[in-house]
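Participant: Right, I'll just put the structure down here and ask away after.
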Amino acid sequence: MEKTAQAVQIKGIREGLLVTLGEGDWQSIFQQLLDQIEQNSAFFQGARLALEVGNRVLHAAELGTLRDRLADRNITLWAVLSQSLVTEQTAQMLGLATRISTPRPERTIKPLDTSLEGENAVLLQRTLRSGFSVSSRGHVVVIGDVNPGAEIVAGGSVVVWGKLKGSVRAGIEEEGAVVCALFMEPSLLRIGEIEASRSPDKKEQNTVMALVKDSQIVFETWKIK
Amino acid sequence: MPGTVVTITSGKGGVGKTTTTANLAVSLALAGDKVVCIDGDIGLRNLDVVLGLENRIVYDLVDVVEGRCRLRQAMIRDKRLNELYLIPAAQTRDKSAVSPSDMVRVCDELRPEFDWILIDSPAGIERGFRNVIAPADLILVVTNPEVSAVRDADRIIGLIEAEEKGPAKLILNRLNINMVKRGDMLTGEDVLELLAIELIGIIPEDESVVVSTNRGQPVALDDKTKAGKAFQNIARRLKGEKVPFLNLDEKSDFFHRLSKIFSGGE
């Protein structure tokens, strides 16, 4: 019974039932599926079934038989999902769908949530353009520019090896965070609860580190201590 | 050789996408290439007006996609240039009438017959944008030397990179050299420094563009205007020629500096 549970997995999806077939000999898997259906015939009555077969290569005879056996039990096989091209083609020949039409999520800008064990920073080797947002509970390091309209939210410090012109909120989760950039002209700069009251002036803009001193953000030439 | 699909886009509206599309199409056709332009701005079509072909529309892109006519039937041939065609947008529908894969299919059908397939893009970053990006081999981003236009161009370039359709090339439109000299306008250098993509052309601010657009006679039909010449130069660069950037002002060394940056990047 253990083995059965692994070889044939059934779950409900929006379009009906999704049956995932595991490894093993087709005949025995096929039989296991039919057995499961037999045991719960009331549950399967009139169901619409999508079949996930992984890499398994299935030909028309096998899929056709399966479809007919299912039809005998008043179950409609409507889709076969497979990474195998042969199986996909077979399914298409039989008039079965090969994709479940999950509505493709709108392309959203994924906040990079990287809280890796022992690592507390996310590294981005690219220019962050307008509309791009990165947030991390750790530190954020960017090798590239941060353009106006891009935003960085970091639990810790932010280091920009490039021009920082977008908005930065650093030190959300920890004290003593700093913001460093080769050139700094941010549209918004916050460290912890404190917002910068001004941008660095012309003399301060290059290789600058912003940090909190006496509840104020100050700009210092960025140097290693 | 199959044709190249070039999408002209910007993010922000009103920066000159349609004017650029029309004039590049005319310039390429003048150079003897077979060109078809597609108006991707379904529901807000303009390209037909700018090209002066408005009154000849029978079928449009949505008719093609929905199978009411053959592709050939929707193609309007230009009166002035034999090798220039337009596939207009539908005016009574919206962007959802066409899908990205429809656009890919239409372009694939056009590729064997044309050297260039130019697609005019709607403003915005929604469905209409994805429709016109999908079939593109090359994307030209049009911007003006204004902070808001540059910001939107930056966003668009980011989206193009995310779709792995880059690197896009930049057209800087409506540069007013006098205002730049007075320090009242962003310079080409400012824009390029931020956007960091290859520049393929600068179009000077030119009143004749407005006049020609209203008359449906693209300015590139006449290379005596500065803007017309600039569009023709972009067409030549698209065809792989190396054309120096137009010197809009003899006294200014701005374009020398700019072209130095540019040639250094090549």
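The values are calculated or read from the model by the stated rules, or taken from the named source; none is laboratory data. As the structure is a computational prediction, the values presented were derived from the model and not from experiment. Don't worry about glycine lacking a Cβ; one is built from the backbone with ideal geometry, like all the others, and counts go over all protein chains shown. These accessible areas exclude ligands, DNA and RNA; they are computed on the full protein's heavy atoms, side chains included. Shrake-Rupley method; radii C 1.70, N 1.55, O 1.52, S 1.80 Å.
Participant: Among the numbered conditions (1) open to solvent by 50 Å² or more (accessible area, probe 1.4 Å); (2) in a loop (DSSP other than H, G, I, E, B); (3) touching a helix residue (DSSP H, G or I) at 6+ places or on another chain (Cβ under 8 Å), tell me where B:G43 comes up short.
Facilitator: That leaves (1) as the condition not met.
Participant: If we scan the stretch A:38-58, do we find a residue that is closer than 22 Å to A:D25 by Cβ, open to solvent by less than 60 Å² (accessible area, probe 1.4 Å), modelled with pLDDT of 85 or more and over 35 Å from the mean Cα position of the chain (by Cα)?
Facilitator: No, the conditions are met nowhere in the stretch A:38-58.
Participant: Another question, if that's okay. Go through (1) assigned to a strand (DSSP E or B); (2) within 14 Å of chain A (Cβ to nearest Cβ) and name the single condition B:L86 misses.
Facilitator: Only one criterion is unmet by B:L86, namely (2).
Participant: Also, I was wondering about something else. Check B:L221, B:L238, B:L246 and return the single one that is under 29 Å from B:R80 (Cα atoms) and at pLDDT below 90.
Facilitator: From the options B:L221, B:L238, B:L246, the qualifying one is B:L246.
Participant: Which one of the conditions (1) acidic (D, E); (2) open to solvent by 10 Å² or more (accessible area, probe 1.4 Å); (3) within 12 Å of another protein chain (Cβ to nearest Cβ) does B:E146 fail to meet, given that it meets all the rest?
Facilitator: Failing condition for B:E146: (3).
Participant: How many of the residues making up the stretch B:193-225 are surrounded by fewer than 19 Cβ atoms within 10 Å (Cβ to Cβ) and within 14 Å of chain A (Cβ to nearest Cβ)?
Facilitator: Within the stretch B:193-225, residues that are surrounded by fewer than 19 Cβ atoms within 10 Å (Cβ to Cβ) and within 14 Å of chain A (Cβ to nearest Cβ) number 2.
Participant: Are any residues in the stretch B:159-192 within 14 Å of chain A (Cβ to nearest Cβ), in a helix (DSSP H, G or I) and either under 15 Å from B:L138 (Cα atoms) or of a type in the set (G, A, S) (or both), and if so, which ones?
Facilitator: Once the filter is applied, which keeps residues that are within 14 Å of chain A (Cβ to nearest Cβ), in a helix (DSSP H, G or I) and either under 15 Å from B:L138 (Cα atoms) or of a type in the set (G, A, S) (or both), the stretch B:159-192 yields B:L159, B:I160, B:E161, B:A162.
Participant: Within the group A:G149, A:G176, which residue is surrounded by 17 or more Cβ atoms within 10 Å (Cβ to Cβ) and at positive phi?
Facilitator: Working: A:G176 fails: surrounded by 17 or more Cβ atoms within 10 Å (Cβ to Cβ).
Sole residue among the options that is surrounded by 17 or more Cβ atoms within 10 Å (Cβ to Cβ) and at positive phi: A:G149.
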